[in-house]
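The values are calculated or read from the model by the stated rules, or taken from the named source; none is laboratory data. Since this is a predicted model, take the numbers as computed values, not measurements. Here Cβ is always computed from backbone atoms with ideal geometry, including for glycine, and neighbour counts include all displayed protein chains.
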Amino acid sequence: MKTIKLGLLGMGVVGSGVVKLIEKNRADITRRLGADLIITKVAVRDLTKPRSVSLPEGVVTDDPYAVINDPDIDIVIEVMGGDEPARSLILQAIAAEKHVVTANKHLLALHGDEIYAACESKNVALGFEASVAGAVPVVRAIRDGFSGNRIESVYGIINGTCNYILTRMAEDGSSFEQALMEAQQLGFAEADPTFDVEGIDTAHKIAILASLAYQTGVDFHQIHVEGITGVGPEDIEAAKEFGYVIKLLAVARRQDDRLEIHVNPAMIPVEDQIASVGGAMNAVELNCGMGGINTLVGPGAGEGPTSSAIMADVVEIARHAILGDGYPMPPMGAPIHAVSPTPIIPMDQLVTCYYLRFQVADQPGVMARIAGALGECNISIATMYQNGRQRKANKPVSVMMTTHTACEADVKRALDILIKSNILLAPTTLIRMEGGE
Ligand code: NDP
Ligand code: HSE
């Protein structure tokens, strides 16, 4: 029986999942491959930490270079996360002509070009299905399944932690802090959960998907990114009143030869297909032109779903690159020299509907001044809602409004007018809305 030797960089949530999955499904994987998978070396940071898996003596090391310098290892699985030393270790593994599988979206969003080019020049494979949407095979769908199409948009929920938090807040009235703690305990969150709740992880993922879908380099720093820390229970309640749910949405749409790309909390009509996708589930809607609109839904984070995606790459690479027919596929699905940057549309030019929550004193004339500022900036109000009960508590009141479609620059102008008018008692919450007119 042939053997394929694996080296792991990291054995935390995802790395432990990989070890467990190989043990659990060894017989099936061996049958599919006609070869046995052997975990030869695993690097961790702290050798004294308790682990949920055990490996033979001598396999676990605290020296990551022992993994990439081991001449027997065929495939390096990088599940340590972060920028350095992951970037240098991956580049060194590629230089040593090892195939690499990674779940590290942070690294690919910032240094993908360099890593893709290195793989091409050494003719080695890079698997990164696990970097976006957990078990959902969205990288394969874009790169292989729809490779004959012109993809027009990629849209969806691609952070399990934020979706879990927003679902718990909406369905059970949990606090943000409680829901985040649960997401961390369940292994969904990043080592630094700021990356989740501030939208950065989602931006890493949409940068990867957009670059695959549009065969373009995406300058990560040009992506407009907002997280969910400004979304309060009042906004979630108001969304229900208006017939919407709030999700952290990633959007990458072609508009002629430019790209609309942003990450922000958004109100989605309850009847929309992805509105009911809750918990740590992810959903990616691909508008594939002649291939139609396809929505992929599945578990987007955690030990099991992520290790499932890692193993899909390991099996594919082992089948092609090691056992037989070479590996012709460049990581991006097109040679890196054929990839060129696409200009990104400034956020001020976005045209959509808006939800605005103003905090004001409940006094005569206040509503008229808000409506006046919006009108002055060509913004038409669609609905309005005020929680009158707050007045009894002698507190500032929240006034929630939704608008018809408006240009983001006009909305910003109206908010500036209101800030200068001194009627606002706290910063205004702005949430973009999908599906309005
Ligand atoms: P963890 O923090 O649970 O695990 C990281 C592992 O890497 C640990 O075993 C840690 O060692 C090891 N490590 C970190 N730095 C070093 C270093 N310098 N040298 C040696 N070992 C090191 O993270 P996750 O498993 O959750 O995530 C891993 C990667 O997978 C990240 O890129 C993440 O973004 C990505 N990912 C995570 C998902 C999830 O649901 N958790 C889903 C999809 C992708 P030690 O254990 O000793 O601390
Ligand atoms: N922290 C990420 C999430 C892990 O919650 O989606 C999966 O990429």
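Can you work out which of the residues in the stretch 144-164 that are within 14 Å of ligand 1 (Cβ to nearest atom) and assigned to a loop (DSSP other than H, G, I, E, B) is farthest from residue 227 (Cα to Cα)?
Checking each candidate, the answer is 158.
Look at the stretch 267-309 and say how many of its residues are at pLDDT below 95 and of a type in the set (S, T, N, Q).
1
Tell me, yes or no, whether the stretch 339-359 has at least one residue that is over 29 Å from the mean Cα position of the chain (by Cα), crowded, with 17+ Cβ neighbours inside 10 Å and of a type outside the set (D, E, K, R).
Yes, because at least one residue in the stretch 339-359 is over 29 Å from the mean Cα position of the chain (by Cα), crowded, with 17+ Cβ neighbours inside 10 Å and of a type outside the set (D, E, K, R).
With away from ligand 2 (no atom under 13 Å from the Cβ) and not hydrophobic (A, V, I, L, M, F, W, C) as the only criterion, which of 177, 198 stands out?
177
Has the stretch 148-164 got any residue that is crowded, with 22+ Cβ neighbours inside 10 Å and closer than 22 Å to residue 400 by Cβ?
yes
Please verify whether residue 214 is among the aromatic types (Phe, Trp, Tyr) and away from ligand 2 (no atom under 16 Å from the Cβ), treating the condition exactly as stated.
So residue 214 fits the description; yes.
For the stretch 221-231, does any single residue satisfy the condition of being within 13 Å of ligand 1 (Cβ to nearest atom), crowded, with 17+ Cβ neighbours inside 10 Å and closer than 24 Å to residue 336 by Cα?
Taking every residue of the stretch 221-231 in turn, none turns out to be within 13 Å of ligand 1 (Cβ to nearest atom), crowded, with 17+ Cβ neighbours inside 10 Å and closer than 24 Å to residue 336 by Cα.
Go through (1) without any contact (Cβ under 8 Å) to a residue 60 or more places away in the chain; (2) away from ligand 2 (no atom under 11 Å from the Cβ) for residue 151 and report which single condition fails.
(1)
Say we look at the stretch 155-174 and pick out the residues that are touching a residue at least 40 places away in the same chain (Cβ under 8 Å) and more than 16 Å from ligand 2 (Cβ to nearest atom); which of these is nearest to the chain's Cα centre (by Cα)?
Among those residues, the one meeting the criterion is 155.
Out of the stretch 108-131, which residues are within 12 Å of ligand 1 (Cβ to nearest atom) and in contact with a strand residue (DSSP E or B) (Cβ under 8 Å, 6 or more places away or on another chain)?
The answer is 108, 128, 130, 131.
Working only within the stretch 16-30, note down all residues that are more than 16 Å from ligand 1 (Cβ to nearest atom), part of a helix (DSSP H, G or I) and surrounded by fewer than 19 Cβ atoms within 10 Å (Cβ to Cβ).
If the condition is that a residue be more than 16 Å from ligand 1 (Cβ to nearest atom), part of a helix (DSSP H, G or I) and surrounded by fewer than 19 Cβ atoms within 10 Å (Cβ to Cβ), then 23, 24, 26, 27, 28, 30 are the ones that fit.
Considering each of 208, 142 in turn, give the residue that is in contact with a Leu (Cβ under 7 Å, 6 or more places away or on another chain), among the β-branched types (Val, Ile, Thr) and within 13 Å of ligand 2 (Cβ to nearest atom).
Only one candidate qualifies: 208.
Return yes or no: is residue 284 within 16 Å of ligand 1 (Cβ to nearest atom), under 30 Å from residue 335 (Cα atoms), assigned to a strand (DSSP E or B) and within 13 Å of the chain's Cα centre (by Cα)?
yes
So if I check each of 322, 381, which one is more than 30 Å from residue 206 (Cβ to Cβ) and at pLDDT below 90?
Answer to the selection: 322.
Only one of 100, 79, 67 is closer than 20 Å to residue 323 by Cβ and within 15 Å of ligand 1 (Cβ to nearest atom). Can you tell me which?
Result: 100 is the single residue among 100, 79, 67 that is closer than 20 Å to residue 323 by Cβ and within 15 Å of ligand 1 (Cβ to nearest atom).
Here is a list: 370, 381. Which entry is surrounded by fewer than 17 Cβ atoms within 10 Å (Cβ to Cβ) and either acidic (Asp, Glu) or under 27 Å from residue 249 (Cβ atoms) (or both)?
381
Has the stretch 62-83 got any residue that is within 30 Å of residue 210 (Cα to Cα), out of contact with any Gly (no Cβ under 9 Å at 6 or more places or on another chain) and modelled with pLDDT of 95 or more?
The answer is yes; a qualifying residue exists.
Kindly list, by first and then second residue, each pair from a residue in the stretch 119-146 that is closer than 17 Å to residue 285 by Cβ to a residue that is more than 11 Å from ligand 2 (Cβ to nearest atom) and charged (D, E, K, R), limited to pairs with Cβ atoms under 7 Å and residues at least 6 apart or on different chains.
So the pair list comes out as 137/129; 139/129; 140/129.
Considering only residues that are within 11 Å of ligand 1 (Cβ to nearest atom) and of a type outside the set (Phe, Trp, Tyr), look in the stretch 181-192 and name the one that is farthest from residue 220 (Cα to Cα).
Going through the qualifying residues, I end up with 186.
With the stretch 166-261 as the region, which helices (runs of 4 or more DSSP H) entirely inside it contain at least 3 residues that are modelled with pLDDT under 95?
Once the helices (runs of 4 or more DSSP H) in the stretch 166-261 are filtered for at least 3 residues that are modelled with pLDDT under 95, what remains is 233-242.
Please go through the stretch 31-46 and pick out each residue that is surrounded by 10 or more Cβ atoms within 10 Å (Cβ to Cβ) and closer than 28 Å to residue 91 by Cα.
33, 35, 36, 37, 38, 39, 40, 41, 42, 43, 44, 45
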